[in-house]
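Here the structure is laid out as structure tokens; the discussion comes afterwards.
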Amino acid sequence: MSSATLARVEAHVFRAPIEEPIRTSFGTMTERVAVFVHAEDSDGARGWGEIWSNFPTASAEHRALLFADIVAPRVLGRSLDDPMALWAEIDRSLHVLRLQSGDAGALSAAAAGLDLAIHDLRARKRGLPLWRALGGSDDSPVPVYASGLNPGRAALETVERARASGYRAFKIKVGFGEETDLGSLRPVASKLGDDERLMVDANQGWDLAAACRMAPRLAEFGLGWIEEPLPADRPWAEWVQVAAAAPAPLAGGENIRGAGLFQQAIDSGLLGILQPDAAKWGGHSGCLPVAKAALAAGRTYCPHFLGGGIGLMHSLHLLAAVRGPGLLEVDANPNPLREGVLGGLLDVTEGCVSLPGGQGLGLEPDLKPLANFRSLHIERRA
């Protein structure tokens, strides 16, 4: 393979209206956004990535501009022979800007999106599916779960739709008060099949007192995990108390940034399920080592992702490369920026999706059907 350099990048921002808002304990999404990024090297090879911008949606254009004007200039004209070393260099170079701007999350996500695109590009040039280029060897179907389920009566309706679509595991949002949370879970739990699983996500919505009060109340549901019962930056001493009160393993990681912090989370033993988001921090270069370390320590790796179709495909390939007992998170809510990109590529059968064929992501995104949703397009060249 020739030693090619990064010649061109693009960022595409899309905004799509939705009929049913998506509720979380930290806010409500009234539209779906996505920032898709495209990289091309000096040989003409191409790859695609996605920058996390799920909420607040106002961040989408800002992150695309950070990608184009802050992150890309550090890489344009550089060799792509060693994506992991390149990402580590970018990450180090952004350290002072994270401190100066207070924009650590947005800068990390912009760098992550570029890393994803570069790994896709490299896999395509090698003639390999991305999961194999990342070190995977198992091409069996990948288990999935339906995520983003709104609280209240809608939870049961969404679970029934997801079940009819082939899902066998479901995650419901909690953190809306005891009455609402238990009212969401009981109808769903009462109808679960023997081969089905149920999880909950508090989205950092409880403080220590609320988490220790609510966790025991969830024992009746036989949960697979309790996700983010506390804000990600709370001291480990608080997580110890919640873990002692919880009837199920704790999950988290989507709001952790940095290999050192992930290793602390793994070493603590308090998170049974590690959930880094490759479009939010690290890309494949950062998250692949975290996933391997989690499995080596006896934890479960489940990639976090709620966004457009390109980021979801990257999460699929990363989980397929690492495997273990983890499941792929798939947003159960309608999203034109996912379905419009994927079509029927990730149809669920008996709780699993098949790996796509072809090179790289196994997907060449056609953005033309999304043209009416585009709010910004930026291009930068070496």
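Computed from the coordinates by the stated procedures, all read-outs in this text should not be read as laboratory data. If you're wondering where the values come from, they're calculated on a predicted model, not measured in any experiment. Here the Cβ is made from the backbone with ideal geometry for all residues, glycine too, and neighbour counts use every protein chain on show.
How would segment 132-353 be classified by its alpha-carbon gyration tensor: rounded, prolate or oblate, with rounded meaning a/c under 1.5 and the a/b versus b/c comparison settling the rest? Can you show the working numbers first?
Details: a/c = 1.73, a/b = 1.08, b/c = 1.61.
Oblate is the answer for segment 132-353, as a/c is 1.5 or above yet b/c matches or exceeds a/b.
Using the crude model of +1 on Lys and Arg Cβ and -1 on Asp and Glu Cβ, and no other charge, please compute the dipole size for segment 128-247 relative to its Cα centre, in debye to 20.
220
Computed from the Cβ-Cβ distance with R0 of 25 Å, the FRET efficiency linking Glu350 to Arg186 stands at 0.45. Taking a virtual spin label 7 Å from the Cα of Asp195 along the C-beta vector, which residues in segment 132-148 bring their backbone nitrogen under 14 Å of it? Within reach of a label on Asp195: 143-144. Working ranking of peptides 347-359, 223-235 by packing, defined as the average number of other Cβ atoms within 10 Å per residue, highest first, is 223-235, 347-359.
Within segment 53-78, find all residues whose amide N lies under 20 Å from a label point positioned 7 Å from the Cα of Ser375 along Cα-to-beta-carbon. Hits in segment 53-78 for Ser375 at 20 Å: 53-70. Projecting the Cα atoms of Thr300, Gly205, Pro276 onto the dipole axis of the chain, where Lys and Arg carry +1 and Asp and Glu carry -1 at the beta carbon, places Pro276 farthest toward the positive end.
Taking only complete DSSP H runs, can you tell me which helices of the chain stretch 30 Å or more along their own long axis by Cα positions and average at least -1.0 on the Kyte-Doolittle scale? Answer set is 104-126. Each Lys and Arg contributes +1 and each Asp and Glu -1, all at the Cβ; summed about the Cα centre of the chain, the dipole is approximately 420 debye. In a fully extended conformation the segment linking Glu31 and Ser140 would gain 35.8 nm over its present Cα-Cα distance, using 0.36 nm per residue. Distance between the pseudo-spin-label points of Ser79 and Arg92 (7 Å out from Cα toward the beta carbon): 1.6 nm.
Along the axis of the charge dipole computed for the chain (Cβ charges of +1 for Lys and Arg, -1 for Asp and Glu, origin at the Cα centre), the listed residues Ile18, Thr57, Ala164 are led at the positive end by Thr57. A crude spin-label estimate for the pair Leu99 and Lys292, with each label 7 Å from Cα along the Cβ direction, gives 3.0 nm. Taken along the Cα-to-beta-carbon direction at a fixed 7 Å, the label points for His62 and Ser268 span 2.6 nm.
Of the lysine pairs in segment 132-353, how many meet both conditions: Cα atoms under 23 Å apart, and a spacing of 8 or more in sequence or different chains? Can you show the working numbers first?
Values: Lys171/Lys191; Lys171/Lys280; Lys173/Lys191; Lys173/Lys280; Lys280/Lys292.
Lysine pairs, 8 or more places apart or on different chains, close enough: 5.
With Cα atoms defining each centre, segment 325-382 and segment 111-174 are spaced 10 Å apart in the structure. First check a/c for the chain, with a ≥ b ≥ c the square roots of the eigenvalues of its C-alpha gyration tensor; if it is under 1.5, answer rounded, and if not, answer prolate when a/b is larger than b/c or oblate otherwise. Cα axes put the chain in the prolate bin.
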